[in-house]
Amino acid sequence: MTRAARIASRLEAWYAREGRDLPWRRRRDDPYAVWVSEAMLQQTRVETVLGRYGAFLDRFPDLASLAAAPEDAVLKAWEGLGYYRRARLLHAGARAVVEHAGGRLPDTVEGLRALPGFGPYMAGAVASIAFGRRCAATDANAVRVLARLERLDGSRGDPALTRAVATAHAALVEASIDPGALNQAVMDLGARVCVRRPRCSLCPVRDLCAAFADGGEAAAARYPAPPARRAPRDVAVAMAVVADGKGRVLAGRRPPGLLGGLWGLPLGEGPDAGQAAGALVATLHEAGVPAADDLRSAGAFDWAFTHRRWHVEVLTLAAAEAVPTGSWTWLDATARADAAFGGPFRRALATKPPGESPGG
């Protein structure tokens, strides 16, 4: 038996005994359910997905229902998972399957890659797990596991390391009995055992790991090398909760980009609070709200994105006479509950608007 076959065999046996019991793993016979889970799991913790997966499938039980739904409904069902671009791509992919593939999800990597939202990992995961295709699905956990097994130099994202990991992963998949189980075994090992500070005593392939052989857990922890991290950029944000005295709040669609397509509140950004407040006043004037001098501070909070950090001051304003212009409109409490707001806007809405109770 080759080394790759020994590793694959042990990982599949370990996964059969120790693999996490997750709801989407009970639905391997439903490619749509597998696809939804993989879309949700990208850049999101398993614990967070567990709280949203069932409700999303209750709302959209099959590909056809997702394709037929308005985008607003999909974004609303996605609330709490963040990175809303994934929801829009999932929705666009479902529509593409209905319109161009007869309503059936393609069962090959090549067919899946032609759909919106399917990169190499997503296509490999769905093709191997749902359809049994012999292909790798290499996520961040898999990179860590394979870099240690093969003692591969380089940091995550380096082209040379990416190529070497792909070669090593392909060899394991080729030697596996069940490619989907093998891919999930590698992910689980990276998530639970081969973590940043590895727990090598629990690893089923410790004796076959080149990094461990070079010096135990301390040596394994050095692979892969950490990537250079870019510090998030600090941005001052002034955000307004503008109420009309009838329980309605001014809101509008976000433009493409950060939180694009979601509902948001008027805001201004700047390098400091003063410039952010000035930018907010300009936004309010453009939105048809002239009485910006009456803004009142109602609290502050920080909100972290991947590459920027908002330092938000929430301001309130009573503007009964305002007539919204452009994309801005008044939303009452029911409409706000149904609308998909970005996280920081939902947080600001918990601030008491003039003449309204908190969270209304």
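Side notes on the structure shown:
Yes or no, residue by residue, for (1) in contact (Cβ under 8 Å) with a residue 24 or more places away in the chain; (2) in a loop (DSSP other than H, G, I, E, B); (3) within 29 Å of Glu321 (Cβ to Cβ); (4) not aromatic (Phe, Trp, Tyr):
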residue: Ala211; (1), (2), (3), (4): yes, no, no, yes
residue: Arg230; (1), (2), (3), (4): yes, yes, no, yes
residue: Ala238; (1), (2), (3), (4): yes, no, yes, yes
residue: Gly252; (1), (2), (3), (4): yes, no, yes, yes
residue: Gly257; (1), (2), (3), (4): no, yes, no, yes
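- Helices (runs of 4 or more DSSP H) fully within region 108-160 that include at least 1 residues being more than 17 Å from Ala185 (Cα to Cα) and touching a residue at least 12 places away in the same chain (Cβ under 8 Å): 109-113, 120-131.
- Condition check for Tyr53: in the same structural domain as Glu150 (by TED's automatic domain parsing) and in contact with a Phe, Trp or Tyr (Cβ under 8 Å, 6 or more places away or on another chain): yes
- Of the residues in region 86-102, none is out of contact with any strand residue (DSSP E or B) (no Cβ under 6 Å at 6 or more places or on another chain), buried (at least 21 other Cβ atoms within 10 Å of the Cβ) and not in a helix (DSSP H, G or I).
Per-residue answers, yes or no, for (1) within 23 Å of Trp330 (Cα to Cα); (2) touching a Leu at 6+ places or on another chain (Cβ under 8 Å); (3) polar (S, T, N, Q):
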| residue | (1), (2), (3) |
| --- | --- |
| Pro227 | no, no, no |
| Arg233 | no, no, no |
| Ala238 | yes, yes, no |
| Gly270 | no, no, no |
| Gly288 | yes, no, no |
| Ala298 | yes, yes, no |
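- Members of region 161-197 found to be in a loop (DSSP other than H, G, I, E, B), more than 25 Å from the chain's Cα centre (by Cα) and buried (at least 16 other Cβ atoms within 10 Å of the Cβ), listed by number: Ser176, Asp178
- Considering region 7-51, and only residues there that are under 13 Å from the mean Cα position of the chain (by Cα) and among the polar types (S, T, N, Q), the residue that is modelled with the lowest pLDDT turns out to be Gln43.
- Filtered residues of region 230-277 (kept if surrounded by fewer than 14 Cβ atoms within 10 Å (Cβ to Cβ) and farther than 22 Å from Arg336 by Cβ): Arg230, Ala231, Pro232, Arg233, Asp234, Pro256, Gly257, Pro271, Asp272, Gly274
- Yes/no for Leu105 being crowded, with 24+ Cβ neighbours inside 10 Å, farther than 20 Å from Gly190 by Cβ and modelled with pLDDT of 95 or more: no
The values are calculated or read from the model by the stated rules, or taken from the named source; none is laboratory data. Quick caveat, the model's predicted, so the values are computed rather than measured. Note that each Cβ is placed from the backbone with ideal geometry, even for glycine, and that neighbours are counted across all protein chains shown.
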